[in-house]
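Have a look at the structure below, then the notes.
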Amino acid sequence: MPLIRYIEHDGTEHEQEVPVGWSLMEGASKNGIPGILGDCGGSCACGTCHIYADESWLERLPEVDEGQDMMLEYAVDRRPNSRLACQITVTADMDGFVARTPVRQHTE
Ligand code: FES
């Protein structure tokens, strides 16, 4: 099971094994990791699962589609590596993937 490193804005790290096929959002919310709310349950409709994706992985992640782009417009401090955690499905080769969480989600 891939080990995902969730790092909060203050540097607090949470290492969490996440099953292949789950989203990064599920990996956080189902394990009590703070910083990712996931209010819509993963249907790309709330924008409260904003993360900064591991820079070294950007080329291997799916493109930001129109729906995700619209939701990211609400994100606090959007950056080039901003993604929605519910739109990234964990794969076996993501062991060690780093997902940083923003200072806050836009609804906080
Ligand atoms: Fe709502 Fe990701 S959980 S957009």
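The values are calculated or read from the model by the stated rules, or taken from the named source; none is laboratory data. All of these numbers come straight from a predicted model, not from anything done at the bench. Counting neighbours? That spans all protein chains shown, and the Cβs are built from the backbone with ideal geometry, glycine included.
Being at negative phi, outside any helix (DSSP H, G or I), within 14 Å of the ligand (Cβ to nearest atom) and basic (Lys, Arg): is that true of Arg83 here? Judged against the criteria, Arg83 is a match. For Arg104, the conditions (1) at pLDDT 95 or above; (2) surrounded by 13 or more Cβ atoms within 10 Å (Cβ to Cβ); (3) not in a helix (DSSP H, G or I) are fulfilled apart from (1). Please determine whether any residue of the range 62-78 is of a type in the set (Val, Ile, Thr), buried (at least 18 other Cβ atoms within 10 Å of the Cβ), assigned to a loop (DSSP other than H, G, I, E, B) and within 16 Å of the ligand (Cβ to nearest atom). Within the range 62-78, none of the residues are of a type in the set (Val, Ile, Thr), buried (at least 18 other Cβ atoms within 10 Å of the Cβ), assigned to a loop (DSSP other than H, G, I, E, B) and within 16 Å of the ligand (Cβ to nearest atom).
In the range 1-46, the residue that is nearest to Glu108 (Cα to Cα) out of those that are of a type in the set (Val, Ile, Thr) and in contact with a Phe, Trp or Tyr (Cβ under 6 Å, 6 or more places away or on another chain) is Ile33. Do we find that Met1 is in contact (Cβ under 8 Å) with a residue 24 or more places away in the chain and either of a type in the set (A, V, I, L, M, F, W, C) or surrounded by fewer than 12 Cβ atoms within 10 Å (Cβ to Cβ) (or both) in this structure? Against the criterion (in contact (Cβ under 8 Å) with a residue 24 or more places away in the chain and either of a type in the set (A, V, I, L, M, F, W, C) or surrounded by fewer than 12 Cβ atoms within 10 Å (Cβ to Cβ) (or both)), Met1 does not qualify. Taking the range 86-101 as the range and being outside any loop (DSSP other than H, G, I, E, B), of a type outside the set (Val, Ile, Thr) and away from the ligand (no atom under 13 Å from the Cβ) as the test, the residues that pass are Ala92, Asp93, Met94, Arg100.
When the range 4-22 is filtered for residues that are part of a strand (DSSP E or B) and free of Cβ contacts under 8 Å to residues at least 60 places away in the same chain, the ones remaining, listed by number, are Glu13, His14, Glu15, Gln16, Glu17.
Specify the residue that is farthest from the ligand (Cβ to nearest atom); the eligible residues are those in the range 23-59 that are crowded, with 16+ Cβ neighbours inside 10 Å, part of a helix (DSSP H, G or I) and not hydrophobic (A, V, I, L, M, F, W, C). Checking each candidate, the answer is Gly27.
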